[in-house]
Structures are given as C-alpha cells and as structure tokens.
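Below is one structure, written out as structure tokens; comments come after it.
The values are calculated or read from the model by the stated rules, or taken from the named source; none is laboratory data. Here the structure is a predicted model, which means the values were calculated and not measured. In this analysis, Cβ positions are derived from the backbone assuming ideal geometry, glycine residues included, and neighbour counts consider all displayed protein chains. In case anyone asks, the SASA skips ligands and DNA or RNA and just uses the protein heavy atoms, side chains included. Shrake-Rupley method; radii C 1.70, N 1.55, O 1.52, S 1.80 Å.
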Amino acid sequence: ATYRLQMHQLHCEYLLENPGDSPLPYGFGAHPYFRVPMGGPSADDCVVTLPVTREWMLQDLIATGAVRDVAQPFASGVRFGNLHLDNVFSGLGYQQSRCTCSVADPTSRVQLDLEFGSAFRELVVYNPPHREAICIEPYTCVPGATHLLSSGSSPETAPRDLGWKTLAPGAQEKLDMILRVRELAT
C-alpha cells in the first residue's frame with residue numbers, strides 16, 4: 001500500500017502480487033471511515049451520495065447470493081439522519097471507469113469525495129449506532145464470497161458472479177482510490 005497526500009487529496013494505491021508458483025485467489029476491500037458532521041452542527045443534515053442501483057440480500061450480515069433493486073434514491077443523495085445502514089451494494093455507476101461517492105455537510109459547505117476504479121465492484125456502507133460516522137467501503141468482491149463458495153457452490157455454479165478473482169503465478173493487479181475534500185459551491 002502506498003499513500004500520497006497532495007493538497008486536499010489522499011491517493012491510496014494498492015499493489016496485489018502473486019510471488020508463488022500456483023494461482024492465488026483473492027478479494028480486496030478498503031475500509032474508509034468518515035466522521036460526520038464535517039464542521040457543521042448536525043450529522044443528520046449531511047448528505048450521502050452513493051451511485052448504486054442494486055443490493056445484496058444479507059442473512060446474519062452475510063450475503064445470501066440474492067440481489068434486489070435498492071429501495072432509496074442513493075444516487076441523488078440521502079440525508080444522513082435518514083440512514084441506518086449495514087448493507088452491501090452493487091450496480092455501481094462509473095464514469096470513465098471511475099466511481100465517486102460523497103458525503104457533504106451543507107452547513108460548513110465541505111464535501112468529501114471517495115473515488116475508486118472499476119476493479120472495486122461492490123460497496124459496503126455502514127453507519128455505526130453512535131451516529132458520528134459513516135463507512136463507505138469499496139470491495140473487489142462480495143464480502144463473504146468464500147462463505148457462498150464453501151456452502152456448496154463452486155465459482156462456476158455460484159448464485160451469481162461474486163467478484164472473486166485469481167492472480168496467476170507472477171501476476172499483479174493495481175488498485176487505487178482517492179479521497180478528496182473540497183468546498184461546496186454557494
């Protein structure tokens with residue numbers, strides 16, 4: 001992992017390598033955790049924008065393999081005060097192979113953008129019971145993919161594409177995300 005801070009941006013780069021002589025299965029997830037509010041008086045007034053259209057059904061917080069359309073319009077922004085999430089989303093919206101999620105504090109006019117590449121195809125979003133933070137966590141696969149595979153499915157017969165990948169011997173994959181803080185226009 002390499003982290004670079006440039007102005008108002010934190011660049012996070014991850015290099016996954018298989019130095020062995022046999023295939024290496026993998027899944028990768030990042031766990032950014034953002035405190036709210038971001039300078040304003042109320043976390044409830046912050047707006048969370050997630051360009052997602054689908055969500056994995058969970059049982060005991062483990063993906064079941066079933067997917068449904070999302071019930072809320074996350075792509076147009078939802079007040080943090082209305083969110084109670086511990087969800088796994090898919091159907092992410094990408095523009096030029098990049099996906100951007102955001103948390104905006106309208107009172108302080110500060111917005112945090114989390115941008116990542118298309119290798120990240122699932123998104124875990126969680127807001128803890130203390131209501132002082134939101135976690136927006138990009139994943140390359142469905143969390144619990146190994147559980148779904150070990151419950152009788154094989155990668156070929158899994159309920160749907162789980163995102164589980166394999167690196168060939170000597171192969172590598174580069175992943176990245178950018179956290180950007182910016183001022184909202186008035």
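Worth pointing out:
- Largest GNM mean-square fluctuation across Ala75, Ala168, Ala133, computed for the chain with C-alpha springs under 10 Å, falls on Ala168.
- Relative contact order, whole percent, for the chain stands at 33, derived from Cα pairs under 8 Å and 6 or more residues apart.
- Solvent-accessible area, 1.4 Å probe, carbon plus sulfur percent, for the range 1-133: 52
- Inter-label distance for Phe28 and Arg131, nm, one decimal - labels placed 7 Å from Cα along Cα-to-Cβ: 3.7
- Per-selection Rg to Rh, the chain - Cα, Kirkwood hydrodynamic radius: 0.99
- Modelled FRET efficiency - R0 22 Å, Asp86 with Asp45, Cβ distances, 0.05 increments: 0.50
- Linear extension gain, Arg98 paired with Gln72, 0.36 nm per residue minus alpha-carbon span: 7.1 nm
- Per-residue [θ]222 nm for the chain (sum of -39500 (n - 2.57) over DSSP H runs n ≥ 4, rounded to 500): -500 deg cm²/dmol
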